[in-house]
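The values are calculated or read from the model by the stated rules, or taken from the named source; none is laboratory data. Since this is a predicted model, take the numbers as computed values, not measurements. Here the Cβ positions follow ideal geometry from the backbone for every residue, glycine too, while neighbour counts run over all protein chains shown.
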Amino acid sequence: MNRFLLIFEGVGMALESIRSNKVRAALTIAGVAIGVFVVVAMGSVVNGIRASFQKDLDEIGATTFIVQRRSSGINACDGTDEKCPDRRNPAISFDEWKMIERIPGVQNVIGVLGGQGNFGYRNSRVDNVGFDAYSVEWPEVDASDIFPGRNFTRTEYEAGTPVVLVNDTLKAQLFGDSEAIGKQITVNGRQFTVIGIYTPKAGFLKSLEGKGPDTPRAIVPLQSAVRQLDVWKGALTLLVRPNKAVTQGEVMDEVLASMRARRGLKPADRNDFYLVAQDRIMETFNQLFGAIFAVGLALSAVALLVGGVGVVAIMMISVTERTREIGVRKALGATSGTIRWQFLVEAATMTSIGAFVGLGLGALLAWVIRSNTSIPATLPGSIVATALIASAVTGVAFGMLPAMRASRLDPVEALRHE
């Protein structure tokens, strides 16, 4: 019970110190608040980006993996480096695509190419619009709502028919409020027929790739892109979806063996292609944003250090100003431990106030990001707990020196203090 009374008394003393030393207290609280704000802001953004990133990967399919020419991610070698072995990798070919489709256990293989073009309709023109060239099954890996209109058929795909789907943003820029389905538009000077309007269910990954809902974009059949728009086939990427009856690892082993055999690679030769599973993509994400978060933590630590120095300064002043009071309390029976405890509670209270200010600002920033972007920034409980614990520890750690000084004062000498 006495401990609780001492806590309340220590909190009261902290508030009184803040009132009597407004500038010093404000600097201390600001330092802690900045440190907590950085942790909370970084944590909420990274947590939101990770959730959005995972959602995009889940839409592609939990067992879907990628077959591509070159490595990707932060460990990929620089494309300008002539010593980069990936530069000599042959492109994934259409024949290899067909070979993989025939592997037992493969449900389907979706081909992906990309390009950029100038889109026009009558007097409207939108330049440098990115487009995706897909095979027919693309809705299985790129979750989008097609309305009004439809996806292209297999017949249209195989014939290389010049048809196109445009997203809402491109439709608005080309047609305004008028009907778009069935209209003829030009893509790099070639006539294409609009057959559908699609709305991407964009997450962070799509937005990062420029495929978010606010960016004008289009989808065309892959064969149409190759035949009509001269898209470079050397950039072909394959998304392989295994059957539910087999594991991802089994199918990846089959694809690996088939690709090596087709390319005539000897056992000692390295792979001149890459198979990328979702856990590898997530690992790359964690490496990248883990490094960013580490920088944020370092900045937060500096801010907490500033706040801690402020705690030492203001608490030392408090000890000096209350020397006679400490002497009276000791004369009335207060132990050194009691005095020390009160000053530590006072220090922890001051840093905790800063922590709550930082939490409030961080939560506000997360709400702003969540409301205005595709990033579902959220404030995880672990980040809140970490911020509060870090601030309290900072108060205790830096408040220990003045608390020890107060507890060791001689009551007789303290009573003589003026």
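Quick rundown of the values:
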quantity	calculated
Positions within region 107-152 being free of Cβ contacts under 8 Å to residues at least 24 places away in the same chain and not in a loop (DSSP other than H, G, I, E, B), in sequence order	GLN116, ARG125, ASP127, ASN128, PRO139
Test: residue in region 311-321 that is at pLDDT 75 or above, under 19 Å from VAL36 (Cα atoms) and surrounded by 14 or more Cβ atoms within 10 Å (Cβ to Cβ)	yes
Qualifying positions in region 343-378 - at pLDDT below 80 and within 17 Å of the chain's Cα centre (by Cα)	THR373, SER374, ILE375, PRO376
For SER407: the one exception among (1) of a type in the set (Ser, Thr, Tyr); (2) more than 28 Å from the chain's Cα centre (by Cα); (3) closer than 26 Å to ALA301 by Cα	(3)
Which listed residue is part of a helix (DSSP H, G or I), out of contact with any Phe, Trp or Tyr (no Cβ under 6 Å at 6 or more places or on another chain), surrounded by fewer than 14 Cβ atoms within 10 Å (Cβ to Cβ) and without any contact (Cβ under 8 Å) to a residue 60 or more places away in the chain, from THR155, THR169	THR155
Residue identified as assigned to a helix (DSSP H, G or I) and surrounded by fewer than 19 Cβ atoms within 10 Å (Cβ to Cβ) among LEU305, LEU265	LEU305
Hey, SER374 assigned by TED's automatic domain parsing to the domain that holds ALA26, over 17 Å from ILE29 (Cβ atoms), polar (S, T, N, Q) and surrounded by fewer than 17 Cβ atoms within 10 Å (Cβ to Cβ) or not	no
Options TRP367, TRP341: the member that is surrounded by fewer than 17 Cβ atoms within 10 Å (Cβ to Cβ) and either touching a Pro at 6+ places or on another chain (Cβ under 8 Å) or part of a helix (DSSP H, G or I) (or both)	TRP367
Filter result (among the aromatic types (Phe, Trp, Tyr), modelled with pLDDT of 95 or more and under 19 Å from GLY114 (Cα atoms)) within region 169-200	PHE192
